[in-house]
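This report refers to the structure that appears directly beneath it.
The values are calculated or read from the model by the stated rules, or taken from the named source; none is laboratory data. Just so it is clear, the model here is predicted, and its values are computed rather than measured. Note: ideal-geometry Cβ built from the backbone for every residue, glycine included; neighbour counts use all protein chains shown.
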Amino acid sequence: MTRLDATRRVVAALERLGNVPIVASLGHPTYDLYTASDRSANFYTWGSMGLASSIGLGLAMARPDLRVFVLDGDGSLLMNLGSLATIGWTRPQNLVVIVWDNQEYGTTGGQQTATAHGTDLEAAAKAVGAAPTATVKSPDALDAALARAIVEPGPWVIVAKVSESTPSAKPPLDCVAIKQRFMAAIGQTEPGTIGGSQ
């Protein structure tokens with residue numbers, strides 16, 4: 001399955017939950033999420049390689065009332081394995097990290113990542129206590145893992161083996177507007193914004 005196909009399956013699985021927050025890693029994971037379904041509770045990241053899992057962790061810890069989903073890339077997660085260790089240490093039950101493992105840095109030209117040479121991100125997640133985990137290689141296996149992750153306590157780490165997608169449409173590069181729209185969607189207005197106190 002391609003990363004875009006897999007992203008569409010995630011969006012379809014989460015539709016019944018309402019406007020749940022989805023944090024997408026920069027580049028192709030963000031482009032695919034925007035293409036699959038542009039929604040106010042999507043948090044698109046720009047210029048922040050390696051930080052999607054950290055952003056999702058912070059949100060999950062700050063808002064235990066929300067189930068938080070992260071769409072990360074293998075290269076991005078490898079850049080910040082410390083975040084995975086912190087997820088294993090803090091164990092937020094409402095966090096689901098989905099890693100698109102295409103064994104390459106797709107956004108920067110297709111250079112191989114360490115997963116192309118044997119690095120096992122599911123094993124790394126288990127080693128640091130970020131479990132339950134799953135590695136999936138088919139649409140049906142992804143659907144089954146998502147069905148469990150939606151209802152069972154986490155933190156979940158799902159590594160989905162995907163192939164590269166053709167680059168999709170890009171969301172607007174207005175980081176402030178993306179953040180404000182997202183904050184409003186999760187009911188967290190900021191001082192100085194519409195709906196927030198001055």
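List of remarks:
- Applying the criterion of being among the small types (G, A, S) and closer than 17 Å to S163 by Cβ to the residues of segment 26-50, the residue that is farthest from the chain's Cα centre (by Cα) is A36.
- Filtered residue count, segment 144-164, keeping only those that are assigned to a loop (DSSP other than H, G, I, E, B) and either within 16 Å of the chain's Cα centre (by Cα) or of a type outside the set (D, E, K, R) (or both): 4
- When restricted to residues that are surrounded by 19 or more Cβ atoms within 10 Å (Cβ to Cβ), part of a helix (DSSP H, G or I) and among the hydrophobic types (A, V, I, L, M, F, W, C), segment 12-54 contains 4.
- Every test in (1) outside any helix (DSSP H, G or I); (2) over 18 Å from K179 (Cβ atoms); (3) not acidic (D, E) is passed by I87 save one, and that test is (1).
- Some residue of segment 82-103 being buried (at least 16 other Cβ atoms within 10 Å of the Cβ), out of contact with any strand residue (DSSP E or B) (no Cβ under 7 Å at 6 or more places or on another chain), free of Cβ contacts under 8 Å to residues at least 40 places away in the same chain and not acidic (D, E): yes
- Options L57, L26, L4, L71; residue that is out of contact with any helix residue (DSSP H, G or I) (no Cβ under 6 Å at 6 or more places or on another chain) and touching a residue at least 12 places away in the same chain (Cβ under 8 Å): L26
- Verdict on A141 being in a helix (DSSP H, G or I), of a type in the set (G, A, S) and more than 17 Å from S53 (Cα to Cα): yes
- Taking the numbered list (1) of a type in the set (F, W, Y); (2) at pLDDT 95 or above; (3) over 22 Å from V11 (Cβ atoms) in turn, W156 passes all entries but (3).
- Members of segment 104-138 that are small (G, A, S), surrounded by 14 or more Cβ atoms within 10 Å (Cβ to Cβ), outside any loop (DSSP other than H, G, I, E, B) and modelled with pLDDT of 95 or more: A124, A125, A134
Listed here are the residues, each with its yes/no results for (1) more than 21 Å from R9 (Cβ to Cβ); (2) within 16 Å of the chain's Cα centre (by Cα); (3) not aromatic (F, W, Y).
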position: V68; (1), (2), (3): no, yes, yes
position: G75; (1), (2), (3): yes, yes, yes
position: W100; (1), (2), (3): no, yes, no
position: Q103; (1), (2), (3): no, no, yes
position: G109; (1), (2), (3): yes, no, yes
position: T115; (1), (2), (3): no, no, yes
position: A123; (1), (2), (3): yes, no, yes
position: V128; (1), (2), (3): yes, no, yes
position: P139; (1), (2), (3): no, no, yes
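- Residue within segment 90-103 that is farther than 23 Å from V151 by Cβ and assigned to a helix (DSSP H, G or I) present: no
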